[in-house]
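The values are calculated or read from the model by the stated rules, or taken from the named source; none is laboratory data. Note that this is a predicted model, so its numbers are computed, not measured. Here the Cβ positions follow ideal geometry from the backbone for every residue, glycine too, while neighbour counts run over all protein chains shown. Keep in mind that these areas ignore ligands, DNA and RNA; they rest on the heavy atoms of the full protein, side chains included. Shrake-Rupley method; radii C 1.70, N 1.55, O 1.52, S 1.80 Å.
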Amino acid sequence: MKKISSSIVIFLLLANVNLYSQKTANKNNYTSLVQEEVGDLNNDKRNDRIMVEMDVIDDTRPVRVQIFLSQPDKKLQLVVSSTKLIENEYPTDKKGKHNGNVIPDFFIEDGILKMLTDINNRKSSYEFRLNKNNFELVKISRVIWDGKDTTFETRIDLIAKTKIEYEQVTGSEKLFNKRKKELKINALPKIQDLSFSDLEKF
């Protein structure tokens, strides 16, 4: 009995080690570089880095976003790693079909991290500010074109807790059907906690 018990224990330990190694390997499958953006995010006059990478081994083609901040020793430190901010290229619910959207673009402008998306012909811009090593969502702007001469636009300020919607005719500066709404926000969302579907709900 003791020999059998020992064999079972060894088998289980080996199985656990194998499972752990598989999980570790999956984390390292993000080998296809989609975008690399550099710029100063933490105001130390040194370049920080944003990496957008795809796992080309996984059939769903998940995309990972990582943000590295420069440190006093001039090395880069990983502060954000998310695989849910961007929708998989071939989501499970699409049964092998592409999600139909382009991978978002990231920019660094005046210390602000911006993410631009084009989902179902709705162009959105998300702005994140750095606060204590967290990137907080502070502004959202959206534009939808009706295919003729009118755009439907939205401006969301999460600090001011306001949402403004209006329409604009091409070539005119006049705004139509302008509406303002107060938002109930307890805390600014952090980039590592947000999924692509969370962003679409705003």
For this session: Among the residues of segment 93-127, count how many are in contact (Cβ under 8 Å) with a residue 40 or more places away in the chain and on the phi > 0 side of the Ramachandran plot.
Result: 1
Seminar exercise, completed: For segment 26-37, the count of residues that are open to solvent by 80 Å² or more (accessible area, probe 1.4 Å) and not in a loop (DSSP other than H, G, I, E, B) equals 5
Exercise. For segment 38-63, what are the residues that are under 20 Å from I112 (Cα atoms) and crowded, with 18+ Cβ neighbours inside 10 Å?
Worked result: L41, D48, I50, M51, V52
Exercise. Is at least one residue of segment 86-102 in contact with an Asp or Glu (Cβ under 6 Å, 6 or more places away or on another chain) and outside any loop (DSSP other than H, G, I, E, B)?
Worked result: no
Problem set entry | Pairs where the first residue, in segment 151-168, is assigned to a strand (DSSP E or B) and the second is of a type in the set (F, W, Y), C-beta under 6 Å, 6+ apart | T151/W145; E153/Y166; I156/F202; E167/F152; E167/F176
Problem set entry | Residue check, E53 in contact with a strand residue (DSSP E or B) (Cβ under 9 Å, 6 or more places away or on another chain) and outside any loop (DSSP other than H, G, I, E, B) | yes
Seminar exercise, completed: Output for Cβ contacts, cut-off 7 Å, separation at least six or different chains, first residue within 16 Å of S32 (Cβ to Cβ) and at pLDDT 95 or above in segment 79-92, second assigned to a loop (DSSP other than H, G, I, E, B) and among the basic types (K, R), reads N88/R61; E89/R61; Y90/R61; Y90/K97
Exercise. Which residue pairs have Cβ atoms under 6 Å apart, sit 6 or more places apart or on different chains, and have a first residue in segment 173-193 that is among the hydroxyl-bearing types (S, T, Y) and a second that is outside any strand (DSSP E or B) and at pLDDT 95 or above?
Worked result: none
Exercise. Is it the case that K190 is over 19 Å from E200 (Cα atoms) and open to solvent by 60 Å² or more (accessible area, probe 1.4 Å)?
Worked result: no
Exercise. For segment 128-148, does any single residue satisfy the condition of being without any contact (Cβ under 8 Å) to a residue 60 or more places away in the chain, over 24 Å from K190 (Cα atoms) and part of a strand (DSSP E or B)?
Worked result: yes
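This table checks each residue for (1) at pLDDT 95 or above; (2) open to solvent by 70 Å² or more (accessible area, probe 1.4 Å); (3) β-branched (V, I, T).
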position: F107; (1), (2), (3): yes, yes, no
position: I112; (1), (2), (3): yes, no, yes
position: N120; (1), (2), (3): no, yes, no
position: Y126; (1), (2), (3): yes, no, no
position: G147; (1), (2), (3): no, no, no
position: Y166; (1), (2), (3): yes, no, no
position: E182; (1), (2), (3): yes, yes, no
position: I185; (1), (2), (3): no, no, yes
